[in-house]
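These notes are about the structure you will find just below.
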Amino acid sequence: MPTLEDNIRFVKGVGPKKAALLEKLHIHTLLDALETYPRDYEDRTVLTRIADLADDGKYAIRAVLGTEPKVSRIRKGMTLVKCTIFDETGSLAVTWFNNPYAAALVRVGQEYLFYGRVQQNGRVRMLVSPQAEKIEEGDDHPGHIVPVYPLTAGLTQRDLARVTEAALDAMPGDWPDPLPEVLRARYGLPDAADALAAIHRPQTAQDMRDARRRMVFEELFLLCCGLQQLKERRKVVKGIVFNRISQVTWDFWECLPFMPTNAQIKAIGEICEDCASGRPMNRLVQGDVGSGKTVVAAALCALAAQNGYQAAFMAPTEILAAQHAETLSPLLAKLGITCTLLTGSMGAAQRRAALAAVESGGAQVVIGTHALIQQGVTFHRLGAVVADEQHRFGVAQRAALAAKGEAPHVLVMSATPIPRTLALILYGDLDVAVLDELPPGRQPVATYAVGENMRRRITAFIDKQIADGGQVYVVCPLVEEGETDLKSAEQHAADLQHDLPHRRVAVLHGRMKSADKEHVMQAFAAGEYDILVATTVIEVGVDVPNANLMVVEDADRFGLSQLHQLRGRVGRGKRQSYCIFFGADKGQTARERLKILCKTNDGFEVARADLAQRGPGDFFGRRQHGLPALHVADLASDLELMQRAREEAEALLAADPQLAGYPALRERVQRMFAEREETFN
Ligand code: ADP
Ligand code: MG
């Protein structure tokens, strides 16, 4: 008997080659396959009559084959099969490209369920390369609901269907249900085994919706239970008490080169209260890009140092760490506080010296990547930890930190603002402070979404900005194997250099050595380059005030919040800044999404629109919050259900904090929170 622990290689029809591709989708075992949900469904039970066909799109049509399929050769090696189908409302042309066998599979006079794309080609409307399924006589409800799985090049829907089928067959009869029965009854949710079967092989649309609702509830409930437990566990931990708060903050304001915003003052006030409370702080600072989160973090570092403790400031990349060190060192030096940079790419001698300073306590504020708290770096007396850019700093890491001997105060800073209701759930274990105000004098970034037809004008515009003394970022998406229509950063840089031979163009991408990356970034910041062509390594936090134009290639490939982040790289200086998104010619959806960014510069609004726009198709997508994998939960439309899940989790844990009476639930919560190690990059 196969079990769910079995490797997918042993599924019939899956060889080593397919197995390798499946592993790309994180499917190693049958259990992984079971937990890889469809990203969408094609409901082929909803039939459309030929006369009712409207816009181009995919349709299920019940029709009779009217004419003998004709096979013709159109070009070298290309065949075209043509025929006509009809129902009681009309007839429709059908074509199959490069599929001569299609002709052999259908018979004139027989009724089929056709499923495929309907296209208007000039005057003629046709159904292109449909699948045809014979309808048996007397079958009044032909068609199924067909799951659509996430794929990677080389895999087909059939491959995915095959492994999930094998996984469903391998499910033991006594499949444990993590949801307590009372909750299932209260919310009318199917049990776990039925729901899994219906997710992968729904019989009816209602089945599928019920199953999905259950999975959403389950996932949110597990999440809320886990976060709630984390929070409870911390409540009993004794925190370091920081003193001299008003003196320190006063001195801190004095040495800032600008007036803090009211939002910064308020956030720092909340942090001070936390740090004096006797419990370890666990606070998230949410603020739009450019709202000045670094200053808030610096205040915490100063507070720790003035109280005789060290602070660790973690950035997601080495470039950012270096940049934070450059900003904080002179600022904190005015208070007599020393800052030390510690990165993996430092020379051995330099690194040894830095490590020694950290261990002796000579380094008061230590700035680096996440490696700071991971790899045997010993602090003399760690009192505060700052994690910049929350989405890379997962729940598991928050938990690991809290478990450290002397529980330091933790401040996480997120640049992806989300609506408050959502924040309360996603960051259920944290207190949230919001920077809802930008420093004065910021001009909104003028944003345009353009298509390829604007290419030459944009190149000229780039040239003009440089002539006026500005600098330009050009961001390209990561290019995966086989994606030939996208330009790599390197190639794009070469093309730009060719078009603008008198300008200095640099490239920055993920495969470069850190030292090289840093060198390029520094040179760009120093004005030694005019144009920086980069992949999204520059996404977070880079601060070059003289840069005033951001161009994003293939912007339709990025999430809205990510694009907003990228836009935040400009508009930091006095110059009028611009942001140009290529990709507006990639269809209506792309254009509409990009338009949202043209209309608003407010990150919270962008996030709201982004969440609302990810329709059902994306419900099952994997995403990154640094939180446990939310396979199912749609964070915008499930707010109501989220609220319920949260209340129920709180109630259950209040009665049974260790979940002693719910072993299946306990086990799943643990697994959920252990899984996401990789988000900690
Ligand atoms: P983010 O919130 O995106 O991390 P930063 O902390 O990098 O923003 O700040 C963006 C820029 O704004 C920096 O150049 C910083 O020096 C500047 N800044 C921060 N606070 C203020 C303020 N109160 N007044 C003027 N400029 C500020
Ligand atoms: Mg920042």
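The values are calculated or read from the model by the stated rules, or taken from the named source; none is laboratory data. Remember, it's a predicted structure, so these values are computed and weren't measured experimentally. Here the Cβ is made from the backbone with ideal geometry for all residues, glycine too, and neighbour counts use every protein chain on show. Side chains included, ligands, DNA and RNA excluded: accessible areas come from the protein's heavy atoms. Shrake-Rupley method; radii C 1.70, N 1.55, O 1.52, S 1.80 Å.
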Original post:
Which percent of the accessible heavy-atom area of the chain goes to carbon and sulfur, probe 1.4 angstrom?
Top reply: 51
**OP:** Decide, for segment 451-603, between rounded, prolate and oblate: order the square roots of the alpha carbon gyration tensor eigenvalues as a ≥ b ≥ c, take rounded if a/c falls under 1.5, and otherwise choose prolate if a/b is larger than b/c, else oblate.
**Re:** rounded
Subject >> Pairwise FRET efficiency - Glu181 versus Met1, Cβ, R0 = 30 Å, nearest 0.05 >> reply: 0.60
Original post:
Among the DSSP beta bridges whose two residues both lie in the chain, what percent are antiparallel, rounded to the nearest 5?
Top reply: 40
Original post:
Using the Kirkwood radius built from alpha carbon pairs, what does the Stokes-Einstein equation give as D for segment 486-571 at 25 °C and 0.890 mPa s, in µm² per second?
Top reply: 183
Original post:
What lysines sit close enough to Lys293 to cross-link, taking a C-alpha to C-alpha distance under 23 Å and skipping anything fewer than 8 places away on the same chain?
Top reply: Lys266, Lys334, Lys574
Original post:
Residue by residue, what Karplus-based ³J(HN,Hα) values in Hz, rounded to whole numbers, does segment 346-354 have, using 6.51, -1.76 and 1.60 with θ = phi - 60° and x for Gly and Pro?
Top reply: 5, x, 4, 5, 4, 5, 4, 4, 4
Original post:
Between Ala494 and Ala161, what FRET efficiency comes out of the Förster formula 1/(1 + (r/R0)^6) with R0 = 51 Å and r the beta carbon distance, rounded to 0.05?
Top reply: 0.75
Original post:
Val108 label point, 7 Å along Cα→Cβ, cut-off 11 Å on backbone N: hits in segment 73-90?
Top reply: 84
Subject >> Dipole magnitude (debye, nearest 20) for the chain, charges at Cβ of Lys, Arg, Asp, Glu >> reply: 1420
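For the chain, just run the numbers: alpha carbon Rg, then divide by 2.2 N^0.38 Å, N being how many residues it has. Don't skip to the answer; put the middle values down first.
Numbers: Rg = 28.6 Å, N = 681, 2.2 N^0.38 = 26.2 Å.
Normalised by 2.2 N^0.38 Å, the Cα Rg of the chain equals 1.09.
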Original post:
Is the shape of segment 236-301 best called rounded, prolate or oblate, per the rule: a/c under 1.5 gives rounded, else a/b larger than b/c gives prolate, else oblate, with a ≥ b ≥ c the square roots of the Cα gyration tensor eigenvalues?
Top reply: oblate
Subject >> Angle between the chain longest axis and helix 663-674 axis [Cα atoms, degrees, rounded to 10] >> reply: 70
Original post:
In nm, to one decimal, how far is the modelled label at Glu406 from the one at Thr327, with both set 7 Å along Cα→Cβ?
Top reply: 2.8
**OP:** Determine which lysines satisfy two conditions relative to Lys235: a Cα distance under 21 Å, and not lying fewer than 8 residues away in the same chain.
**Re:** Lys404
**OP:** Using a/c under 1.5 as the rounded threshold, could you call segment 22-111 rounded, prolate or oblate? The axes a ≥ b ≥ c are square roots of the C-alpha gyration tensor eigenvalues, and prolate needs a/b larger than b/c, oblate otherwise.
**Re:** oblate
**OP:** Evaluate the Kirkwood expression for the hydrodynamic radius of segment 107-148, namely the inverse of the mean inverse distance over all pairs of different C-alpha atoms, and round to one decimal in Å.
**Re:** 12.2
Original post:
How long is the gain from Gln588 to Asp251 if the chain were fully straight, where each residue apart is worth 0.36 nm and the alpha carbon distance is subtracted?
Top reply: 116.0 nm
**OP:** Tell me the label-point distance for the pair Asn453, Arg9, using the 7 Å Cα-to-Cβ offset, in nm and rounded to one decimal.
**Re:** 5.4
Original post:
How far apart, in nm, are the 7 Å Cα→Cβ label points at Ser345 and Glu667?
Top reply: 4.5
**OP:** At a temperature of 25 °C and a viscosity of 0.890 mPa s, determine how fast segment 251-387 diffuses translationally according to Stokes-Einstein, using the Kirkwood radius over alpha-carbon pairs as Rh; express D in µm²/s, rounded to the nearest whole number.
**Re:** 162
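Just the number: Rg to Rh for segment 161-249, Cα atoms, Kirkwood Rh, two decimals.
Values: Rg = 21.1 Å, Rh = 16.3 Å.
Ratio of gyration radius to Kirkwood radius: 1.30.
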**OP:** Under a cut-off of 29 Å between alpha-carbon atoms, report the lysines in cross-link reach of Lys487, not counting same-chain residues fewer than 8 places apart.
**Re:** Lys17, Lys18, Lys24, Lys464, Lys513, Lys517, Lys586, Lys595, Lys599
Subject >> Average projection area in nm² (convex hull over Cα atoms of segment 102-226, one quarter of hull surface) >> reply: 13.0
Original post:
So what's the angle, to the nearest 10 degrees on a 0 to 90 scale, between helix 293-306 and the longest Cα principal axis of the chain?
Top reply: 40
**OP:** Note the angle between two axes, namely the Cα long axis of helix 205-235 and the longest principal axis of the Cα atoms of the chain, as a number of degrees from 0 to 90, rounded to the nearest 10.
**Re:** 10
Original post:
Among the GluC sites (Glu not before Pro) within segment 3-105, which fall in a DSSP loop and have no more than 13 other Cβ atoms within 10 Å of their own Cβ?
Top reply: Glu5, Glu88
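Please state the equivalent ellipsoid semi-axes for segment 1-153: what are the square roots of 5 times the Cα gyration tensor eigenvalues, largest first, in whole Å?
That gives 35, 19, 15 Å for the three semi-axes.
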**OP:** Give me the accessible area per residue for the chain, probe 1.4 Å, as a whole number in Å².
**Re:** 46
Original post:
Once amide H atoms are placed 1.01 Å from N in the peptide plane, what residues at a sequence separation of 5 or more from Leu549, or on another chain, have their amide H within under 5 Å of its amide H?
Top reply: Gln471, Tyr473, Tyr578
